[in-house]
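These notes concern the structure reproduced below.
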Amino acid sequence: MTARNISRFWEWGRKIICVGRNYADHAKELKNAIPKEPVLFLKPPTAYVREGSPILVPLYSSNLHHEVELGVVIGKGGTAISQSAAMEHVAGYALCLDMTARDIQDECKSKGLPWTMAKAFNTSCPVSEFIPKERIPDPGKVNLWLKVNDQLRQSGCTSQMIFSVPYLISYISDFITLEEGDLILTGTPKGVSAVQEHDELQAGIEDIVTMSFRVDRQEH
Ligand SMILES: O=C([O-])CC(=O)C(=O)O
Ligand SMILES: [Mg+2]
């Protein structure tokens, strides 16, 4: 077996742990309460999609939203990691989209059901190239942006996060063991909106990384 390379972590089949409502301005735009503890959900590794392949609108949704997010790539696994040791477990970062079938999520919320069909479908996690840790000295101070067909829709700073990266690593690892190659999506700032077939999405973390994706409709 050839040695695995963390810069292709999306090929490892590891967990994607997502944090919801981590920016007050986004919680408000969807009329959700500001959480007292992190809201968590999972995506399977089959959700990853890389530049060059399209984001697919699931057949059962007519309201697919973009959510631009900072992804944290775990380099060293652990359980019950303290906040002070948390950053030693980070290998780097990635720019990610938490694609969300908002109509399905609304239905799940009203029925008190899990969000799996709204959040975990194939291509629901577009991911950039791996960003080594040194390139983002402070993950609590970077700007994220997203454009749809050249129009700016989301622009926010990770300083607006309610729960910081070290807090999230510590909180999650108390009950889900983190493993090398896991990814934590840290939540989205305000400005989420619907995308349509043939739209072009472009997103970036300042000018550290940019990525673009085309939207297509799932065929069958
Ligand atoms: O669907 C939502 O609004 C929750 C979420 O993922 C986020 O805040 O990033
Ligand atoms: Mg999200």
Practice item. Compute the projected area of the convex hull of the Cα atoms of the chain, averaged over all viewing directions, and report it in nm² to one decimal place. Key: 12.1
Review point. Under a Cβ-Cβ cut-off of 15 Å, what is the net charge of the residues other than ALA94 that fall near it, where Lys and Arg count +1 and Asp and Glu count -1?
Key: -3
Exercise for review: Can you check what the net charge comes to around LEU168, using other residues whose Cβ is under 14 Å from the Cβ of LEU168 (Lys, Arg +1; Asp, Glu -1)?
Suggested key: -2
Point to revise | Entries in LYS141/LYS190; LYS28/LYS109; LYS15/LYS119; LYS147/LYS190; LYS36/LYS133; LYS109/LYS147 that, when Cα-Cα distance is taken, lie over 20 Å | key: LYS36/LYS133; LYS109/LYS147
Exercise for review: For the chain, set up a Gaussian network in which alpha carbons nearer than 10 Å are linked by springs, and say which option among TYR167, TYR23, TYR93 fluctuates the most.
Suggested key: TYR167
Point to revise | Local electrostatic count at ALA80 - Lys and Arg +1, Asp and Glu -1, tallied over other residues with Cβ under 15 Å | key: -2
Exercise for review: Taking the Cα centre of the chain as origin, work out the dipole magnitude from +1 charges on Lys and Arg Cβ and -1 charges on Asp and Glu Cβ, in debye rounded to 20.
Suggested key: 400
Review point. Treating the beta-carbon of each Lys and Arg as +1 and of each Asp and Glu as -1, no other charges, what is the dipole magnitude of the range 96-175 about its Cα centre, to the nearest 20 debye?
Key: 100
Study note, to complete from the structure: Fewest to most Cβ atoms within 10 Å: CYS108, CYS125 sort as CYS108, CYS125
Point to revise | Cleavage-rule hits (trypsin sites (Lys or Arg not before Pro)) in the range 6-97: DSSP loop, at most 13 neighbouring Cβ within 10 angstrom | key: LYS31, LYS36, LYS76
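Every number in this text was worked out from the coordinates using simple rules, so none of it is lab data. Here the structure is a predicted model, which means the values were calculated and not measured. Backbone-built Cβ (ideal geometry, glycine too); neighbour counts: all protein chains shown.
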